[in-house]
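Heads up: the structure comes next, in structure tokens.
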Amino acid sequence: MYETAAILTPAAGQQIDQAVVEASIAATHSANDYARRSMRVWREQVQQRTESEFIPWFTGYWTQQWLTLKVAWYKMNRDDNGDPPEKRLALYLQEQYHARVIDPVAEQIDPEGIRERASELYLQLLGQQLPAIIQRFNASPEQFSQRLQRIPTIALGPPPARDATLYQLLRPPALAQQPAWQALRQHLHDQASKAPGQTAVGLSSVATRASEKLGATLAPRGAASAVAAAVGKAAGAMISVAVAGLGMITHDREHPQMVEQLRVILSVALNEEWQELMENRQSGAMAGVYYLSGQVEDSLRSAPR
């Protein structure tokens, strides 16, 4: 039960605003702890699947043979306005990396889900602190609600349905049912989609090197095929087997170095992407929290005194 509520003076109103700002800062810190822990789990799982699924696939002998054929196909079918072979190979490798690593991990945990949960957690933790502020300043719930209704926490309109005050976000209906919350989710998703991640950049680097290396093997393989065609099927089959055997021996000799190079490139790219996802205030794992807390704190700090 609350005591008889006092009439809030301008000074008391300023103190309440400052208390809400401090509650927002505390909620932001806690949400950041959650996001950082969760993103570490995501990074560990991506690293594990990269080691167990993608690197063995990419560096395997038959995959290298298949990629060689793809590079040859890209070169043969390229027109003046088409993408270079290394870019087309990069897109293919990115598709494979998503299918073998990112998408399976996302079934359990992913940065977009962490970003949304961190945003929900921020509002939950902020809302939990408000009753204590009401009691500390002996404000009536009605007076306090009026102050919350003047805090524009989502401002993505028009239309007005894309806007919401702190009061609206802390009351029913659930966040998922509020149009302004859906607008914020889409806004953050669009921001995150604007630029490729560091892993995509790393795979592009891998693709460039692979395309150059695989392309260099096309000439001797083409010569072997021409010789095989000239001497007939039987001898040609023997030549093809011999060339394949030599290729496998060379691959086995180079395989450890290939694995290590790929591991280093992807590890550096993953660490850079993790850093970007944690620090980017517009699209990272904390982007929703930074947006909401920024709206709340800026509104209260700029309120008329």
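The values are calculated or read from the model by the stated rules, or taken from the named source; none is laboratory data. The structure displayed is predicted, hence computed values, not measured ones. Here Cβ is always computed from backbone atoms with ideal geometry, including for glycine, and neighbour counts include all displayed protein chains.
Considering each of SER52, SER24 in turn, give the residue that is of a type in the set (Gly, Ala, Ser) and closer than 26 Å to VAL201 by Cβ.
SER52
Against the condition loosely packed, with under 12 Cβ neighbours inside 10 Å and modelled with pLDDT of 95 or more, how does GLN182 come out, does it pass?
no
Return the total of residues in segment 91-108 being among the polar types (S, T, N, Q), under 17 Å from SER205 (Cβ atoms) and in contact (Cβ under 8 Å) with a residue 60 or more places away in the chain.
Going through segment 91-108 one residue at a time, the tally reaches 1.
With the condition kept exactly as written, say whether any residue in segment 72-85 is in a loop (DSSP other than H, G, I, E, B), within 23 Å of VAL201 (Cβ to Cβ) and within 28 Å of the chain's Cα centre (by Cα).
yes
Looking only at segment 134-144, count every residue that is surrounded by fewer than 17 Cβ atoms within 10 Å (Cβ to Cβ) and modelled with pLDDT of 90 or more and tell me the total.
2
Which residue pairs have Cβ atoms under 8 Å apart, sit 6 or more places apart or on different chains, and have a first residue in segment 33-47 that is closer than 13 Å to GLY113 by Cβ and a second that is among the basic types (Lys, Arg) and in a helix (DSSP H, G or I)?
If the second residue must be among the basic types (Lys, Arg) and in a helix (DSSP H, G or I), the pairs left are TYR34/ARG117; ALA35/ARG115; SER38/ARG117.
When you scan segment 109-207 for helices (runs of 4 or more DSSP H) that lie fully inside it, which ones turn up with 2 or more residues that are without any contact (Cβ under 8 Å) to a residue 12 or more places away in the chain and within 30 Å of TYR97 (Cβ to Cβ)?
In segment 109-207, 179-193 are the helices (runs of 4 or more DSSP H) which contain 2 or more residues that are without any contact (Cβ under 8 Å) to a residue 12 or more places away in the chain and within 30 Å of TYR97 (Cβ to Cβ).
Answer yes or no as to whether ALA99 is among the small types (Gly, Ala, Ser), closer than 30 Å to ALA35 by Cβ, under 17 Å from the mean Cα position of the chain (by Cα) and assigned to a helix (DSSP H, G or I).
It is true that ALA99 is among the small types (Gly, Ala, Ser), closer than 30 Å to ALA35 by Cβ, under 17 Å from the mean Cα position of the chain (by Cα) and assigned to a helix (DSSP H, G or I).
Return only the number of the condition from (1) closer than 28 Å to ASP110 by Cα; (2) modelled with pLDDT under 95; (3) hydrophobic (A, V, I, L, M, F, W, C); (4) surrounded by 15 or more Cβ atoms within 10 Å (Cβ to Cβ) that LEU214 does not satisfy.
(1)
Being within 29 Å of the chain's Cα centre (by Cα) and within 30 Å of GLN143 (Cα to Cα) narrows it down to one of SER52, SER30, so name that one.
None of the other options fit; the residue is SER30.
Between PRO152, PRO131, PRO141, PRO179, which is over 19 Å from LEU300 (Cβ atoms) and out of contact with any Phe, Trp or Tyr (no Cβ under 7 Å at 6 or more places or on another chain)?
Residue meeting the stated conditions: PRO179.
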